[in-house]
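**Student:** Input: one structure, supplied below.
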């Protein structure tokens, strides 16, 4: 029986009249995997309402507010917060993608003090401006309509 199996295997590997050569090549080519550049994705998931110290989670549509020293998640705010409107109340967009923005509450409160957001948004632009761009800063009484270098007279 063993001889029969041996003959069958040999016949399968080396058919009659065939002169095939078998060979294996084990050369490994390095595989280059390119990863995309690491970019920081900034996601605005929360609004912070500095006048009321309340957060709003945009994707889940849930409010986070402080109640008796603990942060509470709710779909509806208690009646004491009825003055808050998503569209009309001053808010700050927070670029925070976690689930607990209130861990930065002290920082948010210091950065956006209650009642100061409107002043911060209307602060003058501090980019450098030449005095010539402000009509009141011109010498003389030309009201900003200087004569240039007086060429072409």
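The values are calculated or read from the model by the stated rules, or taken from the named source; none is laboratory data. These numbers were taken from a predicted model, which means no experiment stands behind them. All Cβ positions, even for glycine, are placed from backbone atoms using ideal geometry, and neighbour counts span all protein chains on display.
**Student:** Against the conditions (1) modelled with pLDDT of 90 or more; (2) loosely packed, with under 14 Cβ neighbours inside 10 Å, where does residue 4 fall short? Just the number, please.
**Tutor:** The number of the failed condition is (1).
**Student:** May I pose another question? Which is part of a loop (DSSP other than H, G, I, E, B), within 30 Å of residue 46 (Cβ to Cβ) and modelled with pLDDT under 85, of 88, 126, 141?
**Tutor:** Among 88, 126, 141, only 126 is part of a loop (DSSP other than H, G, I, E, B), within 30 Å of residue 46 (Cβ to Cβ) and modelled with pLDDT under 85.
**Student:** Taking residue 96 as meeting all but one of (1) surrounded by 10 or more Cβ atoms within 10 Å (Cβ to Cβ); (2) touching a strand residue (DSSP E or B) at 6+ places or on another chain (Cβ under 7 Å); (3) modelled with pLDDT of 90 or more, write down the number of the exception.
**Tutor:** Status for residue 96: all satisfied but (3).
**Student:** Separate question: Of everything in the range 45-61 that's closer than 13 Å to residue 73 by Cβ and buried (at least 20 other Cβ atoms within 10 Å of the Cβ), which residue is nearest to the chain's Cα centre (by Cα)?
**Tutor:** 46
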